[in-house]
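> Below you'll find the structure I mean.
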Amino acid sequence: MRVMERTFREQLCFLLLSVSVLRGGCRSLENNEISNEFYSLFNPEPRRDSPDAFMYRRALRCMDMVAVEGQFTFTAETPHLSCATFLMAEPSELISVEVDRVDIDCSGGDFITVFDGWVMKGEKFPSSQDHPLPLYERYVDYCDGAPARRTVRASQNVAMVFFRVHSAGSSFTLTVRKHVNLFPCNAISQSPEGSYTMVIPQQRRNCSFSILYPVAIDISEFSLGRHGSFPKRKMPGCAESEDFVQLLGGNGIDTSKLLPITDLCVSFTGPTHMKIACDNTVVRMVSSGSFVSRVSFSYRALDSQELQTIKLNNVEDFCFNN
């Protein structure tokens, strides 16, 4: 049996082996050879809230993850043809990325591309169904007529930077900042446990909260601004409703490719409790815009004994077979 108790950083290490991205209509990154030392890239970094003059700074690596504000400078010692940086903030924050001090050869095939979201194994978060922008607008390429300084603000708490350089000495700097998001819609959890309330204030949109762990989850409230009875569990259900909450599971990050576990389409005050053995558990809310939609839930990572028990459950067993 495969090991299910991978930490979030270990999952990223596994998934980064096959990171791919489209540039405009079609630009893909080649698979990158990653040594065991790659795990050291995800060591926790100190958070430093300070003026620009005292901003946190460090070197950027070809494969990297950044979860703090600061300036990160990449300088090539050799050609790097397949690099990616994952950026992450708290679920209630947005990320902005400024590309500055750029010394690359765009005409020679170098590029720096900021993506509004994450790409893993060819899948994207948020999915095209849930993101407010069309896919082609989510890629911003520095070499496509960009000014000397460019700032890209993501629509949620995660973003990515893809880059390729062919010559030693090529360099650039990323300045990463975090901003308060009053009505966060899509988010990936930084932690294997926590609680969250997702609110859609009378807007026609879809919002997803992704937890990249096998978890026990309690949905304590689902409100559409109207009263209702406790919903029956269905698989799937709510086909005729324009406002509902889905609980999804699977081993990718694209919510449109995950499998439905249960749907809730009637307001209630819970809790309803479930254990899901998937690498990715998603709470997804679909809103028609007619109501102030609200869902509250808490979650924690499953231990090894719980995972063994769930493997025998027909509902969650698909997570072990995909």
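> About the Cα centre of region 64-145, how large is the charge dipole given +1 on each Lys and Arg Cβ and -1 on each Asp and Glu Cβ? Please answer in debye to the nearest 20.
Roughly 260 debye for region 64-145.
> Next up: Can you figure out the FRET efficiency of Leu259 with Phe54, using R₀ = 41 Å and their beta-carbon distance, to the nearest 0.05?
E between Leu259 and Phe54, to the nearest 0.05, is 0.30.
> Out of residues 5 or more away from Lys124 or on other chains, whose amide H comes under 5 Å of its own, with H placed 1.01 Å from N in the peptide plane?
Asp254
All of the numbers you see were taken from the coordinates with simple rules; none came from a lab. Quick caveat: nothing in here was measured; it's all calculated off a predicted structure. All Cβ positions, glycine included, derive from the backbone under ideal geometry; neighbour counts span all protein chains shown.
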